[in-house]
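J.: Mind looking over this structure? Questions follow.
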Amino acid sequence: MPKITYIEDSGKEHVVEAPVGQTVMEAAVKHAVPGIDADCGGACACATCHVYVDPEWLAKTGEQNSMEQSMLDFANDVETNSRLSCQIKVTPDLDGLVVRLPKSQH
Ligand code: FES
């Protein structure tokens, strides 16, 4: 199962085994990774699942889709590597993915 590392703003790391087909948000919520609120449950309607994709992984996670871009307008401290984690599906290629969490989702 692909492993994903979530790094809190404080630097604390959480390594989670994420089933293929789940989203990066779902895997975090299932393992109680703090810092991903996911208020809308993955409908791309809240922007509280904001993460920063490690630059080395950007090619594999793909680009923000247009709905995601509009939602990211409501997030704080958006960077070029910002993604909504409910919009990133876990694939075997993402084994080893590293994402960082923002200071806050609100
Ligand atoms: S969980 Fe709401 S936008 Fe991702």
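J.: State which residue pairs qualify: first residue within 18 Å of M71 (Cα to Cα) and inside segment 91-106, second residue of a type in the set (S, T, Y) in any location, beta carbons under 8 Å apart, and separation of 6 or more residues or different chains.
T.: Hits for this filter: L101/Y6; L101/Y52; P102/Y52; Q105/T48; H106/T48.
J.: So, of the residues in segment 11-39 that are among the hydrophobic types (A, V, I, L, M, F, W, C) and more than 15 Å from L101 (Cα to Cα), which turns out to be farthest from the ligand (Cβ to nearest atom)?
T.: Taking the candidates together, the pick is V20.
J.: Taking the condition touching a residue at least 12 places away in the same chain (Cβ under 8 Å), touching a Pro at 6+ places or on another chain (Cβ under 8 Å) and either under 23 Å from P92 (Cβ atoms) or assigned to a loop (DSSP other than H, G, I, E, B) (or both), does G35 pass?
T.: In short, yes.
J.: Output the residue which, of all residues in segment 59-94 that are under 21 Å from E8 (Cβ atoms) and among the acidic types (D, E), is surrounded by the most Cβ atoms within 10 Å (Cβ to Cβ).
T.: E79
J.: Which condition from (1) within 16 Å of R100 (Cβ to Cβ); (2) in a loop (DSSP other than H, G, I, E, B); (3) within 14 Å of the ligand (Cβ to nearest atom) is the one that C44 breaks?
T.: Of (1) within 16 Å of R100 (Cβ to Cβ); (2) in a loop (DSSP other than H, G, I, E, B); (3) within 14 Å of the ligand (Cβ to nearest atom), only one is false for C44: (1).
J.: Right, here's the next one. When segment 79-106 is examined, which residues are found to be within 13 Å of the ligand (Cβ to nearest atom) and more than 13 Å from the chain's Cα centre (by Cα)?
T.: Selection gives H106 alone.
J.: List every residue pair whose Cβ atoms lie under 9 Å apart, where the two residues are 6 or more positions apart in sequence or sit on different chains, the first residue falls within segment 1-30 and is assigned to a strand (DSSP E or B) and open to solvent by 20 Å² or more (accessible area, probe 1.4 Å), and the second residue, located anywhere, is small (G, A, S) and at pLDDT 95 or above.
T.: K3/A18; K3/G96; T5/G96; H14/A28; H14/A32; E17/A27
J.: With respect to E56, determine if the residue is surrounded by fewer than 14 Cβ atoms within 10 Å (Cβ to Cβ), of a type in the set (D, E, K, R) and part of a helix (DSSP H, G or I).
T.: Against the criterion (surrounded by fewer than 14 Cβ atoms within 10 Å (Cβ to Cβ), of a type in the set (D, E, K, R) and part of a helix (DSSP H, G or I)), E56 qualifies.
The values are calculated or read from the model by the stated rules, or taken from the named source; none is laboratory data. Fair warning: this is a prediction, and the values are worked out from it, not measured in the lab. Quick reminder, even Gly has a Cβ in these numbers, built from the backbone with ideal geometry, and neighbours come from all protein chains shown. Note: areas computed on protein heavy atoms with side chains; ligands, DNA, RNA excluded. Shrake-Rupley method; radii C 1.70, N 1.55, O 1.52, S 1.80 Å.
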